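Take a look at the structure set out below.
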Amino acid sequence: ATLSKGFNRGLGTLSAGGLALAVAELSELAGQWEEIVVVISIFITGFLSTYAKLYPTMKPYEYGFRVFVLTYCFVIVSGYRTGDFIHTAVTRFFLIALGAGVSLAVNVCIYPIWAGEDLHNLVAKNFMSVANSLEGCVKGYLNCVEYERVPSRILTYQASDDPVYNGYRSAVESTSQEEALLGFAIWEPPHGPYKSLGYPWKNYARLSGALRHCAFMVMALHGCILSEIQAPPERRQVFYHELQRVGATGARLLRELGDKVKKMEKLGSRDMLFDVLGAAEELQNKVDRKSYLLVNAESWEIGNRPHSPVEPQDSRNSDNEEHKVLVYKSLSEAVLDLKSVPIPNCWDGQQTNVGVRPAVSPVVPSTDLLKKQISWPAPRSFTTDTSPPLEESKTYQNASALSLATFTSLLIEFVARLENVVDSFEELSEKANFKEPEELPAAAREPIGFWSRLFRWKWYRPGA
């Protein structure tokens, strides 16, 4: 920041001083119109500099434009009042040079505060925050944590006392801080552990962006906990171990990556994604086996679709009818032709083969069925003498089952996004020349006590 702002200040001071001296010579030639020329030049200079710094390409020089306007006004007005423009410009230049020299000596030589180090620590901290939020979301969902009232601060995206919310919020909101630190870190010379020339600070921003992509999924998981419609606890317990394992392995992976970023170590020979991908696959297999718990199986179209048998004289239109049936079918039924597949003996306790299309008496007309599907239940009545209608209770019951499917799919999507985080970390570790990890056996990493060393020396000393 010192080098960047010092460059902007010096450039703005020199250019403004030169322009002020040129305008001062022109104002002296104006004679009695000298004061009017000075006022008009100040207005035009302020207008052009303020308009120019609005361009996005001029954003790095925004501070330089401000210094330019201040220096120009100071030199042109003070010089007009004293009558000596050159003395005023030289005095201004030496004061700016003196301040720049003192600030450079303090901030670079005596007590340097490196923006690159702050960026490095911020990225490592965000990993820990997202990991804590992920664990808190999964733990709270499995323990059926219920909020008596949704915190209004969370709805308006403000600070709250909820640690889960504050964890991913800090990672999401760190974008502006990272951009500021990145802009300052590029100016820094090689120092400390960042010894390479042209250190890849931009890769830190890319890694943080990939982590922020995962933090958005944690935000969505937290939204499932804060939602009004919740899955019943008994259905959550069916997927308890699988959900807990995915959350634990995902949080452990984020903590390991954050620790490696902090220690500046490369990935070891062990695949860090192996455990979390295995846990996600186990969860997906459990969902495939227990998918009937995530939807209302009673409303499936199989066996409940009203239709009329095809008359013999209408056999020429059978192709069109078949096309209509396939359009009415769900995707899984359209792929699998149910007319040629025998139904197992355990299906509803009946031993039948689907050789021909069964004629099922229509339960409800198609128009009534459509109305039931698209209608949303009426508002709830909280009076004691009335009870919610049957359609309303079924709607909320079906939506509660879908909320469990939503939480599960979001957790699997989080695992899928972890691969981008690992790839970004590998790219950063290669360009920044991180050190190799110390992969030692567990026995070699254990500390050796005094008596163990004494026993080894007595056992292996010569002549013993």
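The values are calculated or read from the model by the stated rules, or taken from the named source; none is laboratory data. Computed from a prediction, not measured in an experiment: that's the story for all the values here. A quick note on method: Cβ atoms are made from the backbone with ideal geometry, for glycine too, and the neighbour counts reach across all protein chains shown. Each accessible area value is taken on the protein alone, full model and side chains, heavy atoms only, with ligands, DNA and RNA left out. Shrake-Rupley method; radii C 1.70, N 1.55, O 1.52, S 1.80 Å.
Every listed requirement among (1) part of a helix (DSSP H, G or I); (2) closer than 20 Å to N420 by Cβ is met by R270 save one, (1).
Residues that are farther than 16 Å from L254 by Cα and of a type in the set (V, I, T) number at least 3 in none of the helices (runs of 4 or more DSSP H) confined to the range 114-233. Here P163 fulfils each of the conditions (1) in contact with a helix residue (DSSP H, G or I) (Cβ under 8 Å, 6 or more places away or on another chain); (2) modelled with pLDDT under 90; (3) open to solvent by 80 Å² or more (accessible area, probe 1.4 Å); (4) under 29 Å from K435 (Cα atoms) apart from (4). Under the condition of being more than 22 Å from the chain's Cα centre (by Cα) and open to solvent by 60 Å² or more (accessible area, probe 1.4 Å), which residue from the range 249-274 is farthest from D118 (Cα to Cα)? That would be F274.
Listed by first and then second residue, the pairs linking a residue in the range 25-44 that is over 13 Å from G83 (Cβ atoms) to a residue that is part of a helix (DSSP H, G or I) and polar (S, T, N, Q), with Cβ atoms under 7 Å apart and 6 or more places separating them unless they lie on different chains, are V37/S27.
Residues that are open to solvent by 70 Å² or more (accessible area, probe 1.4 Å) and among the basic types (K, R): does the range 33-56 have at least one? Scanning the range 33-56 turns up no residue that is open to solvent by 70 Å² or more (accessible area, probe 1.4 Å) and among the basic types (K, R).
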